[in-house]
1. Can you work out which of the residues in the range 317-337 that are over 20 Å from the mean Cα position of the chain (by Cα) and surrounded by 24 or more Cβ atoms within 10 Å (Cβ to Cβ) is nearest to Gln198 (Cα to Cα)?
2. If you go through the range 122-146, how many residues are out of contact with any Cys (no Cβ under 9 Å at 6 or more places or on another chain) and more than 22 Å from Ile100 (Cα to Cα)?
3. Select from the range 349-402 the residues that are under 30 Å from Gly767 (Cβ atoms) and basic (Lys, Arg) and write down the one among them that is farthest from the chain's Cα centre (by Cα).
4. Hey, any hits in the range 743-750 for a residue that's touching a helix residue (DSSP H, G or I) at 6+ places or on another chain (Cβ under 6 Å), open to solvent by 20 Å² or more (accessible area, probe 1.4 Å) and farther than 19 Å from Thr434 by Cα?
5. How many of the residues making up the range 376-412 are out of contact with any Leu (no Cβ under 8 Å at 6 or more places or on another chain) and outside any strand (DSSP E or B)?
6. Going by what's in this entry, would Leu770 be described as outside any loop (DSSP other than H, G, I, E, B) and in contact with a strand residue (DSSP E or B) (Cβ under 7 Å, 6 or more places away or on another chain)?
7. With the structure loaded, tell me whether Val734 is of a type outside the set (Lys, Arg), at pLDDT 95 or above and open to solvent by 10 Å² or more (accessible area, probe 1.4 Å) or whether it fails that test.
Amino acid sequence: MNSGVQAHIGSEQRERIQLTIRGTVQGIGFRPFVFRLAQALSLGGWISNTPQGTLIELEGTPNQLRVFQKRMMTELPPSGKIETMTSISLPIIDEQSFSIGDSQWNDQTQSVISPDLATCQQCLEDMSNPQSRRYRYPFTTCAQCGPRFSIALRLPYDRLNTTMHQFPLCPHCQQEYDDPSDRRFHAETIVCPSCGPQVELWNQAGNLSAQREEGLHAASEIVRNGEILAVKGLGGFQLWVNAESSEAVQQLRQRKHRPTKPFAILFPSLSYVEQHCIVSQDEIALLTSPAAPIVLVRKRNTSTLSWNVAPNNPYVGAMLPFTPLHHLLMNDLLMPVIATSGNRSEEPLVTDERDAIHRLHGIADAFLVHNRPIVRPIDDSVVQVVNEKCLMRRRARGYAPSPLSVKLDSGNDLTAFPILAVGGHLKNTVALTTGEQIIVSQHIGDLSTPEASTQFERTISDMLTLFHLTPQAISCDNHPDYRSSRFASQLGKKLNIPVIPIQHHHAHIAACIAEHGLQGPVLGVAWDGAGFGLDETMWGGEFLLCHKTEFTRMAHLRPFRLPGGEVSMREPRRVALALLYEVFGEHVFELDLPPMQSLGQHMAGTLVTILNKDVNCPITSSIGRLFDGVSALLGLSQVASFEGEAAIALECLAESEMERTSLQPYRIPLESQSESQKPWMADWQSLISSIVQGISEQESPAAIAFRFHHALAMLIANVAERIQCPQIILTGGVFQNALLLKLSESELTKRGLTVYTPQLFGPNDGGLCLGQAFITMHQFATQHHSA
């Protein structure tokens, strides 16, 4: 479907050039855009997708060629991104027309594909127009919007290489596809009601209840009546329920075994978001962007959203409809609905309708399905605006698999040396390198179940196949027992290629170095829940001086023990007891504090015995666990139902005291045997003593929580002042805490330091694979350069 498109041009030919374009230029309407631009400027030549990128040959006057290149860069379709463009001169062949050529392909590719794109305004107008062939059609798309990554079977991105090949075009759609003046010219996903997918409503047993328009209206009624609807969306199923009904929300929580973790809310339109939430211009821009992510925004006190949408949390995850199907349903409902991932807890997203009947049995009351296959599960992306910057929480739909271009110090070309990076254990993503590009997968999730591990392996196989790559090396986390690390070891042996373990916190910092293209040393502050240290203890409160492939541990949190090991990560009260026991010893039993009350005398005694005997009490320097302990001390969270619950509660409490400038931060002293001896140790013992004193004196819990946050920000500033490195990186899952990030940035910038945070890939473990890939690329580029 790619050949034979012609545009006659004038006969004056003075120069011919060949442009090689690399970046996100497949699936965004780039070839039709170039065709129209060349036609408008009376240029001859052609455009084609090739293994080296998108190739354009042009003939025209020097001025025409300059104007073409300038306009191509400035008028590029909004979802496109040109990473590199090279130009060479060619002999003139007096070509009198411009064409879109057939894609050229082999097993060596440097091309990537566009993420899935939210429905554009013109397609929405088509769907709203009773005179349009696509009136109320739930699969309306054009060259600027619709599914891309989620339906691609292989590259190049041509219709035959997507799941749309199952839907041959009718004569009307074929005419649009072939017409250069039509906005659906060469739009690979176009269909209409006559030739495209259709929706059906199934009951719990998977039997047909209604279809097409009747099915849409019946599905809306199910949600309106307080029942749970499973909706097959763009990258997988979602579970929908009325967000204003406490009974309906609670029923979803019980069926999904998700007692308190916040749910995302789908609003019918921006005006509905503004009715329920306080939104900034930056947040509006994200909500209405082609990526259309979930955006964390502050809920209004007057909102009618059910209290149990996000219990004890002033924020909600808001999103707008991003597919025609979502728009049609929400235009019928005209109310906010929960639209959460269609899966059981800790399992991958469901993508197939028959599989959904089995895996969502007992959760969904009905299923709204369609017959357009989904190739790979792609969850909704989650972002937050902090200090006027977009901070990624979960990178998936709308963002993956857009590549990141990096520069190698040696200048070596690693095109023939692809690297696979397999990430960590939580919030897993994986990455591939091709040349100087790193392609990070969509969010996979925690690898804590067999189903999740299977999806992790499928994603790796899928990416290697899609991008025609065979890895020559594998990088992984240095924790030997992570599922991802064990897989890397097995695959490395199978392929007889090297496996390179990368220290967890070094990878966090390297990911931010890669994203911002930083040069020279950086002081990386990597704070999270746990990462395997070089001393085989669990790190998590790290100050690392990094030079890309190397690092020095400059300071860290004073280590403490976790009684019961991993159980402590789910029970903040255990962490609180461990902290208290180190400070107060046996007097801990005299303290009438929430964690002691929750544990009871018997359990507390058992845990103290475990601590004394040092049985199953791993050592950690984790700031994430320190947050858990302080949260338990203040009575916020004793047993957590999801990762980060205790820390989120502490942040939300502290936020209420942001305007009280009279509050003084607690002191966290740095200790070392001498000023020159490193690493220094940040001693939290006086911090815990002060908090316990504040509780006994009935100081406001919110004030204590704020002083704790400010103390950590001051600790960062004090270490930075001592080390005197001008570039500071704040990363790791703890820096998803917006209050801590704001306070830390403020203290550092006051001291004239430049602060960098991960934005495109986020500070949590979702960015680990990027850092792993970046470090390994530099290691091998240096080796090849030396050789």
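The values are calculated or read from the model by the stated rules, or taken from the named source; none is laboratory data. A quick note: this is a predicted structure, and the numbers were derived from the prediction, not measured. Cβ: placed from backbone, ideal geometry, glycine included. Neighbour counts: every protein chain shown. Accessible surface is based on the protein model in full, side chains and every heavy atom, while ligands, DNA and RNA are left aside. Shrake-Rupley method; radii C 1.70, N 1.55, O 1.52, S 1.80 Å.
1. Per the stated criteria, the residue is Leu325.
2. As a first pass, look at the range 122-146 and keep what is out of contact with any Cys (no Cβ under 9 Å at 6 or more places or on another chain): 124-125, 127-132, 135-136, 138, 143.
From the residues that got through so far, the ones that are more than 22 Å from Ile100 (Cα to Cα) too are 124-125, 127-132, 135-136, 138.
Within the range 122-146, residues that are out of contact with any Cys (no Cβ under 9 Å at 6 or more places or on another chain) and more than 22 Å from Ile100 (Cα to Cα) number 11.
3. Arg359
4. So far as the range 743-750 goes, yes, one or more of its residues are touching a helix residue (DSSP H, G or I) at 6+ places or on another chain (Cβ under 6 Å), open to solvent by 20 Å² or more (accessible area, probe 1.4 Å) and farther than 19 Å from Thr434 by Cα.
5. 15
6. So Leu770 fits the description; yes.
7. On the way: of a type outside the set (Lys, Arg): yes; at pLDDT 95 or above: yes; open to solvent by 10 Å² or more (accessible area, probe 1.4 Å): yes.
In short, yes.
Rundown of residues vs (1) exposed (fewer than 15 other Cβ atoms within 10 Å of the Cβ); (2) modelled with pLDDT of 95 or more; (3) among the aromatic types (Phe, Trp, Tyr); (4) more than 25 Å from Ile691 (Cβ to Cβ), yes/no style:
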{"site": "Gly520", "(1), (2), (3), (4)": "yes, no, no, yes"}
{"site": "Gly531", "(1), (2), (3), (4)": "no, yes, no, yes"}
{"site": "Phe543", "(1), (2), (3), (4)": "no, yes, yes, no"}
{"site": "Phe560", "(1), (2), (3), (4)": "no, yes, yes, no"}
{"site": "Pro563", "(1), (2), (3), (4)": "no, yes, no, no"}
{"site": "Ala576", "(1), (2), (3), (4)": "no, yes, no, no"}
